[in-house]
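Asks: First the structure, which I've put down as structure tokens, then a few questions once you've had a look.
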Amino acid sequence: MFKNVWIRSIGYGKLYDVTAMGEMLIDFTLNGQSEQGNNLFEACPGGAPCNVLAMLNKLGRGRHFSERSERISLECFCTTHCRSRINTSNLLMDDTVNTTLAFVHTFPDGDREFSFYRNPGADMMLDENDVDPAFIGQTRLFHFGTLSMTHDGVRSATKKAVQAAKRSGALISFDPNL
């Protein structure tokens, strides 16, 4: 009984289950060594908001869409991989700036350390003119992370998106990742 009431309270009748805004990047994770003893890195699509959508979809939790996640130049790599997991039809592209790269160092205890290459990264180029409040108004849950708050333009875009989600009655989800 309470579960149905909760679902209705966060957007019964909305078109999208979850909309995420933020970085889509490429994580390079250590994956062995070459015959010459050099480290080999595996390129993995990532970024916390993108990962949330992919995992929710993998768990069978309905249809998930990425709301203008970022401007991105490596469409072939990232979007081809992510399209099999989430809908990227509202992903904003820009071939004038590079996709953010992250090199991931995993410690023996499982903890990780990231080195980001994003000066600027595509995710930093999103601005409030790129945000469509009507699109965000069609979601039950709006998700974003801390990397969206690191620079003025993307910070303004994120705040505009959060306000649109609040006005529409969406549940707000925040990942304090950074």
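The values are calculated or read from the model by the stated rules, or taken from the named source; none is laboratory data. Predicted model only: the values in this text are computed from it and were never measured. Cβ placement follows ideal geometry from the backbone for every residue including glycine, while neighbour counts extend to all protein chains displayed. Ligands, DNA and RNA are stripped out before the accessible areas are found, and what is left, the full protein with its side chains, is counted by its heavy atoms. Shrake-Rupley method; radii C 1.70, N 1.55, O 1.52, S 1.80 Å.
Asks: For the condition within 19 Å of residue 16 (Cα to Cα), out of contact with any helix residue (DSSP H, G or I) (no Cβ under 9 Å at 6 or more places or on another chain) and free of Cβ contacts under 8 Å to residues at least 60 places away in the same chain, what is the one hit in 166, 160?
Replies: 166
Asks: On to the next question. Can you tell me which of 170, 102, 122 is buried (at least 17 other Cβ atoms within 10 Å of the Cβ), under 18 Å from residue 26 (Cα atoms) and in contact with a Lys or Arg (Cβ under 8 Å, 6 or more places away or on another chain)?
Replies: On the way: 170 fails: under 18 Å from residue 26 (Cα atoms); 102 fails: in contact with a Lys or Arg (Cβ under 8 Å, 6 or more places away or on another chain).
Of the residues listed, the single one that is buried (at least 17 other Cβ atoms within 10 Å of the Cβ), under 18 Å from residue 26 (Cα atoms) and in contact with a Lys or Arg (Cβ under 8 Å, 6 or more places away or on another chain) is 122.
Asks: May I pose another question? Among the listed residues 115, 156, which satisfies the condition of being over 14 Å from the mean Cα position of the chain (by Cα), open to solvent by 50 Å² or more (accessible area, probe 1.4 Å) and of a type in the set (Gly, Ala, Ser)? Spell out the reasoning first.
Replies: Details: 156 fails: open to solvent by 50 Å² or more (accessible area, probe 1.4 Å).
Just one listed residue meets the conditions, 115.
Asks: Here's something else I'd like to know. Among strands (runs of 3 or more DSSP E) lying entirely in region 51-145, which contain 3 or more residues that are modelled with pLDDT under 85, among the polar types (S, T, N, Q) and within 17 Å of residue 175 (Cβ to Cβ)?
Replies: Output list is empty.
Asks: A follow-up question, please. Is one or more of the residues making up region 127-140 under 14 Å from the mean Cα position of the chain (by Cα) and either open to solvent by less than 50 Å² (accessible area, probe 1.4 Å) or more than 15 Å from residue 99 (Cα to Cα) (or both)?
Replies: Scanning region 127-140, I find no residue that is under 14 Å from the mean Cα position of the chain (by Cα) and either open to solvent by less than 50 Å² (accessible area, probe 1.4 Å) or more than 15 Å from residue 99 (Cα to Cα) (or both), so the answer is no.
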